[in-house]
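First comes the structure, then the notes that go with it.
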Amino acid sequence: MLYVNDYLVTEEIELELVGQQLKEYLLKEKLIIIKSNQEPMSQDELATLLKSNEAEFRLVAMHTSILLREFKEELESYIQKVETYIEDMRESEIFSDVLNGFVQVIEALLEFTSVEKFLQKSLVNQQQVNELSTKALTRAEEGNLEYVLDVLEYEVLPLLQHFLDETNEVV
């Protein structure tokens, strides 16, 4: 038996049918399974849990709109931090830390893409991110760190803003 928020989703015991019925229920109710620390449970974690062959599963879920609202707030805050970082770098004209900042923003952008599956949208073009990274790293190797900051400001920051705009459409 499988319960979500104390609601009996299925009494089925065959793993494939349990997974299918759970997926249908979550989609219909616009829910996502969460772990005890309130973080979304990954598909792999859920599959591992269901394979444990227990007779009864009691899962906790939250509405995707709540999760997306929290995500949107985090993304807005992050964008503001990146904008402040760029302004500070421009004012100080000390670009020695720019490459590290660029890498951190790219990593964050890639982490944010994990929400794409919940939105059922492709928001970030992986190839575009790779091209931007290659372009920035090439210029950094040439010693042109100001150019890396330009890429961050004029190409990566708009990607983050587009991501936020697309998230706003869903929320």
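Which ones in the stretch 124-145 are of a type outside the set (S, T, N, Q) and more than 16 Å from Val105 (Cα to Cα)?
Arg139, Glu141, Glu142, Gly143
Looking at the stretch 1-18, I want the residues that are at negative phi and exposed (fewer than 11 other Cβ atoms within 10 Å of the Cβ) and have a partner that is hydrophobic (A, V, I, L, M, F, W, C) and not in a helix (DSSP H, G or I) with Cβ atoms under 6 Å, at least 6 apart or on another chain. Which pairs are those?
If the second residue must be hydrophobic (A, V, I, L, M, F, W, C) and not in a helix (DSSP H, G or I), the pairs left are Glu11/Met1.
Hey, could you check the stretch 115-171 for residues that are outside any helix (DSSP H, G or I) and at pLDDT below 90 and say which is farthest from Glu24 (Cα to Cα)?
Taking the stretch 115-171 as the starting set, the residues that turn out to be outside any helix (DSSP H, G or I) are 120-125, 142-144, 171.
Those left that are additionally at pLDDT below 90: 120-125, 171.
On the way: Gln120: 15, Lys121: 19, Ser122: 21, Leu123: 24, Val124: 26, Asn125: 28, Val171: 21 Å.
Checking each candidate, the answer is Asn125.
Can you confirm whether Lys35 is under 20 Å from Ile66 (Cβ atoms), modelled with pLDDT under 90, in contact with a helix residue (DSSP H, G or I) (Cβ under 8 Å, 6 or more places away or on another chain) and of a type in the set (D, E, K, R)?
The answer is yes for Lys35.
The values are calculated or read from the model by the stated rules, or taken from the named source; none is laboratory data. Being a predicted model, the structure only gives us computed values, none of them experimental. Here the Cβ is made from the backbone with ideal geometry for all residues, glycine too, and neighbour counts use every protein chain on show.
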